[in-house]
Each structure stands twice: as structure tokens, then as C-alpha cells.
Number of protein chains: 4
Amino acid sequence: MLDDVLRTVAEEVKPQFGRGKVADYIPALARVRSDHFGMCVVDVAAREASVGEASEPFSIQSIAKVFALMLALRVHGHDIWTRVGKEPSGSRFDSLVQLEYEGGWPRNPFINAGALVVVDSLMRRHRRGADRVVLDYVRVLAQNFTIEIDEDVARSELATAHRNAAIAHLLKSHGTIDNDPLQVLEAYCRICALRMSCLDLARAFLPLACRGYSPALGEDVMTEQQARRVNAIMMTCGMYDAVGSFAFRVGLPAKSGVGGGIIAIAPGHSAIAVWSPELDRSGNSLVGTAALEAFVHLTKVSAM
Amino acid sequence: MLDDVLRTVAEEVKPQFGRGKVADYIPALARVRSDHFGMCVVDVAAREASVGEASEPFSIQSIAKVFALMLALRVHGHDIWTRVGKEPSGSRFDSLVQLEYEGGWPRNPFINAGALVVVDSLMRRHRRGADRVVLDYVRVLAQNFTIEIDEDVARSELATAHRNAAIAHLLKSHGTIDNDPLQVLEAYCRICALRMSCLDLARAFLPLACRGYSPALGEDVMTEQQARRVNAIMMTCGMYDAVGSFAFRVGLPAKSGVGGGIIAIAPGHSAIAVWSPELDRSGNSLVGTAALEAFVHLTKVSAM
Amino acid sequence: MLDDVLRTVAEEVKPQFGRGKVADYIPALARVRSDHFGMCVVDVAAREASVGEASEPFSIQSIAKVFALMLALRVHGHDIWTRVGKEPSGSRFDSLVQLEYEGGWPRNPFINAGALVVVDSLMRRHRRGADRVVLDYVRVLAQNFTIEIDEDVARSELATAHRNAAIAHLLKSHGTIDNDPLQVLEAYCRICALRMSCLDLARAFLPLACRGYSPALGEDVMTEQQARRVNAIMMTCGMYDAVGSFAFRVGLPAKSGVGGGIIAIAPGHSAIAVWSPELDRSGNSLVGTAALEAFVHLTKVSAM
Amino acid sequence: MLDDVLRTVAEEVKPQFGRGKVADYIPALARVRSDHFGMCVVDVAAREASVGEASEPFSIQSIAKVFALMLALRVHGHDIWTRVGKEPSGSRFDSLVQLEYEGGWPRNPFINAGALVVVDSLMRRHRRGADRVVLDYVRVLAQNFTIEIDEDVARSELATAHRNAAIAHLLKSHGTIDNDPLQVLEAYCRICALRMSCLDLARAFLPLACRGYSPALGEDVMTEQQARRVNAIMMTCGMYDAVGSFAFRVGLPAKSGVGGGIIAIAPGHSAIAVWSPELDRSGNSLVGTAALEAFVHLTKVSAM
């Protein structure tokens, strides 16, 4: 039945192609074709359904911030909230203004400043490098040991990351990060350069729909409360500066990346991953958002 | 059973009293005793449970902004969104900064600027006065025709509303409101001065938990989509600048008022109203938030 | 000789006409012809020279803020600086942002917020109305008892002054003004509606070039230190957000108004008034600025 | 006679010691004794007068920004103003907020962002390194070939310059600088680490008081217009966020550094350098400002 739903969704979103714009701030992303589309649902009974290029890996970009947060919660528990807030920023995801006004304390872990702080917190405990630790964690969650960091994207990203370098230095000037700003930035760029498919993402994030339990691993990967809270942060901070519009249209906790991916959680029901590279003006996948809206309309799984 | 839950909640929150501060910016609110506590749940089958002073009317203040929005949706339909946004502001609810930077376009209908625009939109269609129309609408929703505007609070509010007057004039200077700024402000102050009990609120907002259907009236008072959308706006914009923290702790769409009331919606389950005048630093009821957190913990009704 | 200079200046600025824009935010200003030009110099020996329509009265607008400040210094002495700052704002003259960030304390007496505070300070002492007191003061300084407030401009200004009303209410909400915001605003609008000629202005401001001494009255109208300080405030805060550019081009303390007038002070040398209604993007007279630049070039009176 | 004036000034400022705070953000500055005081005047006839430790070299810090600007004007002429503004910022000298709001275009050459752009412009033309070029230029202007960069201060500054690194990266992200951000930052830190005495400074800046002519070199080092314009920028942008207060008290174009030095220009009269390490809250030498105020009071050289 979920297969039917996905087929209907794929049909319904067809008129949306050609209205957005593929991210072009680095060559490695700009050369991705605009007409990709893939979608995958894994429900709480671990049933999987998919449509289109659901097994094709793409650059997950900011979706990786959720993995970093989940790992930081595992490592530091509630203490991570002493280093980063949990409020929507009301500003662009890469704003320095708010960071300066608020003494170098990032509003939430999904704006760039907050993700840099989360990555810094992972570097403190892990000699191997935060990027390596996140990669290992993601491979286990997705049960796919071929997942890799795209070195080309990571390098390209780092070479042009002047604004993020500014954020990292500003964090350092406020003492909000402990490690060298450029090393934190490099780990951050590498984590954002993870390549995963919709199938990988839906599997890896399924515990957020199952109150922390991973059907694949047969164990809790976080507490029920932690799962609910990560969902809450996604709900209020996950979609750049279109958090409200997305809640309005889709009504599910979600996180997007400029590679065109979105992961959405229907608590108690399923994890849904969608990929389509054309972005709307807020930097969220245009077709992906439409697909999730159609999915919610057909399945009535809205959290609202 | 819900009665048992509420009794447990009331017990659990007792240690929280004395840690907040009753709103004191106008005498009419400042003289309210700090130890009030009432809570009421009405579920989708219209079963009611309550504890404490659930039938005691209090000043609902900003909770009234949800009624104004619901009525504006009824009157203008989707067009209301051409006049006000649906994104969290990331700023204080009474900020002029964002309004100036964004050309007089309010971020959402629950900050003061946005609510003034919604009230202005109601004045255009209703000769009788927007306050009167909202009052009639609320009475019908709550099925209680003794609900009144507290004239004392309304007057007191208006006399000290210099900041809101500044907002109203700034909106007018940008052409965002049509009517005289001070008349809009007066209607707004009167609507915020509505006196209702937890029971009234839970009954009146029950349609938001029932996909737009009012069990009391036996009819839809809004479409399913409208109900979901009002919930989404509450989720991302309803709790002043503690939207993320509230989602994190409670995970339900909600709206608070400085009178100490909070209305929360558990979609598909119930509407929950709570009242306790002591406020936390964000202006939300301190004991009320704790009560909702306990309620969600006991009933597992979180939307996350 | 100054007559020759002014004739040369008038010749040199001719190509500048037609490149600016007459203020059009109120009808009473918008209907002024764009090709007016007048200029008048009164030197410290009270010798007068003029060219063009130097005796034609026009709406002095923000130039009036200097008179209000001079009078407030006379009434309150140094205490006025407890109510308003003396730093350039770096923002637009009618910004609410800075005022909100800085707790309702205006940066300087020449932005609208600061001028409203100065006018409020004059209302406290003067039952007759601050506008009347300023009018009397200006008539004496200029030795012209036919100077009047333009009632048409004052009314028109007040009717559209929503942004200034917002500022006045914001000041009131912070307790920075004592009187009713709309009464302060009315007095402010009336003061800005003063009609004076270049000759009136140059005569009235001559004491600022003479260390506080008025040759016309044969007495000091302020202390030497006060004269130097008013000049310093004009130098750093007098030309809206083009303070630096004006200092760069002209190098004299000055104050402009949207009516197209500018008064400039060459300390120890002269007071220079110029009028031409076309404004540049910062709201300063375009031809007037060019005329002052030419004047400084010819006479070498730059303070720099 | 100027010697008498300086002796009186030195006497008058004695009660001011102990009320400020030596800059302590880097050890190399923090260990400077707080009770130093030196002052030197060189008039347009090249007569020199001094008092106290006028020949003792100290870290000139931001005063160096004026040298960088003078050299950039020599190299690029008026074109430098296409890369940096000339308006007071109204914000802290190291603010990122304004830079972000204004698309990476610095308000003026004396805030850190603007000085970095000026240094970048010097790097483009000079293979040897902008710091070396500025050093050579300063030695010639001061006619003192023992002037050096303090390597200890430069290193210490660079090691803690996270906020300036953030600014440099933000400039780079907007394309406002051409060179590598960290190389620009290093050159900037080295230029700010110049060690000069009051005598050196007064001699080197004398051309600004002489319409561009250097009595020491017997030639113009800039045009008259350039000299006036550098003075104008100092007048409106030279004293951090106390530009207006300084103009109010002293009324001369000036530039300060956190090492406790201030250079002031009395156009047509003299260049005055003063040094005393205790800073006021704006980061300007507390005793130095008082000394200049006393000097102006005694000599009547105010530009206002």
C-alpha cells in the first residue's frame, strides 16, 4: 500500500520540476542533474517502500547535522544543551548577526554556527576525528558499510567556506568552541559531504519514529525522550527559514540539505526520505517538499 | 481516567509554585493571586476532565490571538496569508526591529504586530467592531454566553500600550493596516481582555484537535487543512521566544497568554487548557508548562 | 568680495540641477518648484552677501532641530545630555531599530527620536507650547518678527507622521519622554514647519560662528563652549546618513532639512545658508551641497 | 610658549590617572605600566614642543590605520573609495553585524573591516608585503629610520585575532578582499604593531595640518584636498564609538589606538600626539583625551 502511495506522489509532483534551482555555490553540487527524484518510506514495522532513484546516493549536506546532534546526545547527554540553544533563529542559517548579538551562543544545532559547536564537542572526545566517528555511527544506523564521505565535495566546500570560516572564528573569539576553528570547519565540511541514498536515510532515521528504538539493530539507540526532542528541534528549526511554512504545509518534523534531500519523521508511523535537487528560495528541495505534502495528504500522518 | 491523570499532574507540579512571577505591567493583572491553578482536558469524544480552578475565568490575553486568526481564516480564507507571515520571529513578541527590517510585514499572527494586522482585517468587514465579533465567535465556540471582555483590564492595557501603539503606527506607516492605528489597538486590547476559564478554552479549541469539527456544535467550524495549519502556526510560533524549548519539553502545538493561561492541542486526542499566573522569563506560565510536560509524560500524547 | 564668490558659486552649480528629487512625502512640500536656488553668507563682522532667492522663505524642516537644541541648552544647560546622546547613529534618521536596541535612548538630538526628546524637554518648562517658544526664540535670533509656522505644512506633516508617531510612542514606553506622545509629536511637527529664508537662517545661526556672540543682539546668546559643542554635534550628526561624505566634501559643521535648506558654520568666519529643493539619496539638498563645496574651495574656510 | 602650554596640560591631567584601564586582551600590551604620559606638538613652522615621555616608543595600534589610508590614497588615489565607505559606523569598531547587513562593504577605513580592505589594497601592488611598505613610508614621514614593528606584539595579536579573522573571512566571502584572508590579517596585525613615540607621530602626521606639505621633506606628500579629506574621516570616524563625544570635548580630527596613543590635527596650526595607556570605556586614552581637551582650551585651536 505504501508503494501505491509513493507511486501516486511521484505522479503528482511531476508538474513541479523546472521551478527550482540546483545549488551552485560549489562545482561538485552544481553539476548534479536537476531531474533526479527518489523517495523511500520505512515504517515502524521496518516495512520499506520506495519510488524513483531511492537507492542513488547523493550529498546529504545539512541533514548530517541531525546525525551529529544524535551522536552528541549519546556522548554528552543533556549537557550538549549548555553549549547550544534550541530555539528557531528567525535568521538565515549562516547569519553572523544573531551570533554576535547573542555573545557567540548559537540558537540551535541546525544553523551552521550550532552545528560547528556540536562538531567541536565531538572532536573533544574523539582522537580519530569527528568526521570519522560520525561516518561510523551513520553506517551502523543505516546498516550500510559502503557509505562514504565524498572527498571531492568536502574539498570543494572547504575551499569556498569563507562565511563558515568567519562563523568558526567568531565562535572561537567567544570561547564557544575549544578546538582550532579551521579544524572544526574541516570536520564539519567532511560530515556534510556524506553520500547516502533515500533508503539509507530512511533506515538510519527510523529510530526517531520509533521512540528511539532501531528495528534494524534490535535495540534502543537513544531514549524515548531524546527521540521526541530531536523531532521537536527538527519541527521548530529543521527547514532553514521556512520552518513555519513547512509545518504549515507538511506538519512533520524534518531536516533538509542543499543537496536536495529531506528526511521527515512521522512519529509512531514512519521515516520518509526524499531527494530532488531543485531548491526553492529557502534552500529546501522544491519537489521534495511537494512530495511530502502529497504524502501527508494521502496518508493523514501529519503530526498536527 | 483523565481525571486521575490531572490529579497526578496537579500533585506533581506543586513544588513549582513560587519560582515565577505574575505579570505586573498593568495593575489589573498584577493584583491576581499567584497560587491559582486550574486545568481542563476535553477529548475528541467531548469527554471532559478537570482539576483545581478549571471553571474560574481569567484574562486570556495572547491566547485570544488564536481566536482572531481562526475568525480571519473564516472571513478571508487563505488570503489572510498575504497580510501576515507564518514563520517564527526569533525575536521578542513585541519587537519593532524585525518589523522595520522587513518593511512592516509581521512574521506571524501571534506576535503583537501580526495580531494587530489580523484584527485590522476583521475591522474591515465588520462595522460592529472586531472585538464584538470575536466575542460572539468565542461564545459560540465555547457554548458559554456569559463570556465577557474585562473592561477594567482593557482600559488599563490601552492606557499603557505605548509599545503596541508604536507597532500600530509603524504598521500604518508601511500601509500594512488600513484602519486608524489607535482604533486597531483598542480593538486588539479589548480582544486580549477576554475572560474565560480553562473549561471554556478547552471546549472552544476542541475543533483544532478534531480536524476542524466541533462536537459541541455538531459541525465543522473550519476545514481539516485549516485546523492542521493553525496547529502548525501554534507549534512554530505560539510560545513567545520559547517555541523550541516548549516543543522540546511538551511537543504539542500551544499558545500562551501573560495572564497565565496556556491552550495545548493534542491532535486526534484532546484540547488541554491550564492556568497558573506565575510566568517564566519568556512570559509563559511556569507551572502551566510543567503541568503540560507532566500530562504528556503520563499520556504519551506528544505530537513528536 | 563674498558677493563675487557667491556669484561664482551660483554659476558653478548650474549643471547640478535636475539630478535630485524634491521631497514628496507630503503634498505641501511636493508642490515646491525644483529650480529654486538661494544662498546667503553673513560673516563674523555681520557683513552680508547673497545670491538668488536668498530672501524667499521655505520650509526649514530638520534645520529647526538645531534651534530646539540651542534653546534646550539655554533652558537645561548641560543636563540635556542626560536625556539624549551625542554620537552619530550610523542608521537612518527615523530608525526604530537603534532606539529599541539602546533602551529608548536616542543617539543624538538631530535624529527624529532625539529631536522629539529635546522638544519634550522644552514642553516641561513652557506652558505656552514648545512650538511657540521656539518660534519666539528664532524670531529674536534672526531679528525678523514676520517668521511664521506654515500651518498647512504642519497639518500635512502631522497627518502622515505615522513613523514619527511610532518613535514617540516607543520613547514613551521607555519613559524617555514625559509628555503625551502625540502632543510632543504635534509640537515637533510645528517646529519643523517653520518658514525662513536663507538670510534669516544665516543671521540666526551667526552666533555659532562667533563663539556664542550675536552681533545683531550685541550679546552672547550661548557660551563659547556651547557654540563649539553645537558645531561639533552638527559636524558628526548633522547630515543624516551622509555625515562622513559631507565632511569629506565640505568639511564644515552643517545641518540640512528635507525642504532643501542647509546651514553651514565656518567657525570664526561666517554662517552660510543655502536653499535648493532637489535632494540627493540621503535627503540633503543636492545643489546646496555642491554650492557649499564650491564655496569652501573658493574661500578655503574648511574646518579641516 | 607651546612648551608652557604642554607643562600646564601635564599638570592639569594628573588627577585623571587611575580612572581608566590598560588594554589587556594581549599580554604584550597588558604588561605596559599605566602611568606613562607623553605629549608632543609640532606646529606648521616645524617647531617642536614636548612634555613627559614624548620620545618613548609605544604600540601605535589603530593609529596605523591612518598611515595605511594615506598610503592607499597615494597608490590608488580616489579609487580607494570604491572599496570602502567614509561614514561613521554607529557600531563597535569590530562589529560583524553591520558588515553582514551591508553586503561586506565596510563603512570606513578606521573600523577593522575597513582597515583590512585598505591593507588588502596595498598587498595587491606590493610584492614585498604591505607591512614592509607601510613601515618604509612611516619611517620617511617621521624621518626616523629606527622605527620598527614589535614582533612580540604582532605575534601575540595574530594568535588571538579570532574576531578579526572572522571579519577577514566575511570580507572574503563577499569578495571585498582579493588576497588570502589570513595573509591580509597578518599584514594588518604587523602594521598595528608599529612602535613609535609621540615625537615620531607628531612629525609624521604634520602634513595633515599643513594641507599636505611636509616641512621635514620639503615637499607635498599628498594634495591639499587629500589632507582635508583624511582629516574629515578622522573627525567623523576616528575615535571608535566616541566620535561625537570627542568632537564635543576636543573638536579636532583625531585617531586613537588601544596602546593609549592619540594623534590630533589642528588644521593650519599643528599636529599633536599624546600617549597614556589607561583607556576609557570606548577604548580611547582617558588621560590623552583629557590632555587634548586641556590643550584646546588653552590654545583655542579647535576646528569647531
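On the given criteria, is B:Gly251 on the phi > 0 side of the Ramachandran plot, open to solvent by less than 10 Å² (accessible area, probe 1.4 Å) and facing chain A (nearest Cβ under 10 Å)? Against the criterion (on the phi > 0 side of the Ramachandran plot, open to solvent by less than 10 Å² (accessible area, probe 1.4 Å) and facing chain A (nearest Cβ under 10 Å)), B:Gly251 qualifies.
When D:Tyr188, D:Tyr137 are screened for being open to solvent by less than 20 Å² (accessible area, probe 1.4 Å) and among the aromatic types (Phe, Trp, Tyr), only D:Tyr188 passes. Within segment C:131-142, does at least one residue satisfy the condition of being basic (Lys, Arg), within 25 Å of B:His174 (Cα to Cα) and away from chain B (no Cβ under 14 Å)? Scanning segment C:131-142 turns up no residue that is basic (Lys, Arg), within 25 Å of B:His174 (Cα to Cα) and away from chain B (no Cβ under 14 Å). Of all residues being among the β-branched types (Val, Ile, Thr) and either open to solvent by 20 Å² or more (accessible area, probe 1.4 Å) or farther than 18 Å from D:Ala264 by Cβ (or both) in segment D:217-239, which is farthest from the other protein chains (Cβ to nearest Cβ)? Just the residue, please. In this case the residue turns out to be D:Val221. Taking segment C:69-87 as the range and being under 22 Å from C:Leu135 (Cα atoms) and either away from chain D (no Cβ under 14 Å) or at pLDDT below 95 (or both) as the test, the residues that pass are C:Met70, C:Leu71, C:Ala72, C:Arg74, C:Val75, C:His76, C:Gly77. Among the residues of segment C:88-108, the ones that are assigned to a loop (DSSP other than H, G, I, E, B), within 11 Å of chain D (Cβ to nearest Cβ) and over 17 Å from the mean Cα position of the chain (by Cα) come to 4 in all.
Note on segment D:109-159: residues that are at pLDDT 95 or above, assigned to a loop (DSSP other than H, G, I, E, B) and farther than 30 Å from D:Val97 by Cβ total 6.
The residues in segment A:30-54 that are surrounded by 21 or more Cβ atoms within 10 Å (Cβ to Cβ) and over 18 Å from A:Val287 (Cβ atoms) can be counted, and the count is 2. Criterion first (within 9 Å of another protein chain (Cβ to nearest Cβ) and more than 18 Å from A:Glu56 (Cβ to Cβ)) does A:Ala266 satisfy it? When the stated conditions are applied, A:Ala266 does not pass them.
Can you tell me which residue is farthest from D:Ala161 (Cα to Cα) among those in segment D:1-25 that are aliphatic (A, V, I, L, M) and more than 19 Å from the chain's Cα centre (by Cα)? It would help to see each step written out before you state the result.
Residues of segment D:1-25 aliphatic (A, V, I, L, M): D:1-2, D:5-6, D:9-10, D:13, D:22-23.
Cutting the leftovers down to more than 19 Å from the chain's Cα centre (by Cα) gives us D:1-2, D:5-6, D:9-10, D:13.
Working: D:Met1: 44, D:Leu2: 40, D:Val5: 40, D:Leu6: 37, D:Val9: 36, D:Ala10: 35, D:Val13: 33 Å.
My answer is D:Met1.
In the condition set (1) modelled with pLDDT under 95; (2) under 22 Å from A:Ala242 (Cβ atoms); (3) open to solvent by less than 10 Å² (accessible area, probe 1.4 Å), B:Leu96 is compliant with all but (2).
For segment B:166-183, the tally of residues that are buried (at least 24 other Cβ atoms within 10 Å of the Cβ) and assigned to a helix (DSSP H, G or I) stands at 8.
Pick from A:Val296, A:Val301: which is within 24 Å of A:Tyr213 (Cβ to Cβ), among the aliphatic types (A, V, I, L, M) and modelled with pLDDT under 95? When all the criteria are applied, what remains is A:Val301. May I ask you to list pairs of residues, at least six apart or on different chains, whose Cβ atoms are under 6 Å apart, with the first in segment A:142-154 being over 20 Å from A:Gly218 (Cβ atoms) and of a type outside the set (D, E, K, R) and the second being modelled with pLDDT under 95 and open to solvent by 10 Å² or more (accessible area, probe 1.4 Å)? Sorted first by the residue in segment A:142-154, then by its partner, the pairs are A:Val153/A:Ala28. Determine whether B:Ile272 is away from every other protein chain (no Cβ under 13 Å), closer than 17 Å to B:Val5 by Cβ and either crowded, with 24+ Cβ neighbours inside 10 Å or among the aromatic types (Phe, Trp, Tyr) (or both). It is true that B:Ile272 is away from every other protein chain (no Cβ under 13 Å), closer than 17 Å to B:Val5 by Cβ and either crowded, with 24+ Cβ neighbours inside 10 Å or among the aromatic types (Phe, Trp, Tyr) (or both).
Set side by side, the residues D:Pro27, D:Pro57 differ, and just one is modelled with pLDDT of 95 or more and either open to solvent by 20 Å² or more (accessible area, probe 1.4 Å) or under 18 Å from D:Asp150 (Cα atoms) (or both), which is D:Pro57. Residue-level analysis places D:Arg203 outside the set of residues that are open to solvent by 20 Å² or more (accessible area, probe 1.4 Å) and within 12 Å of another protein chain (Cβ to nearest Cβ). If the condition is being in a loop (DSSP other than H, G, I, E, B) and closer than 20 Å to B:Ala227 by Cβ, then segment B:38-59 contributes B:Val44, B:Ala45, B:Ala46, B:Arg47. I'm trying to understand the selection: among the residues of segment B:113-134, which are open to solvent by 10 Å² or more (accessible area, probe 1.4 Å) and of a type outside the set (A, V, I, L, M, F, W, C)? Passing the criteria: B:Arg124, B:Arg125, B:His126, B:Arg127, B:Arg128, B:Gly129, B:Asp131, B:Arg132.
The values are calculated or read from the model by the stated rules, or taken from the named source; none is laboratory data. Small disclaimer: the values here were computed from a predicted structure and weren't measured. Backbone-built Cβ (ideal geometry, glycine too); neighbour counts: all protein chains shown. These accessible areas exclude ligands, DNA and RNA; they are computed on the full protein's heavy atoms, side chains included. Shrake-Rupley method; radii C 1.70, N 1.55, O 1.52, S 1.80 Å.
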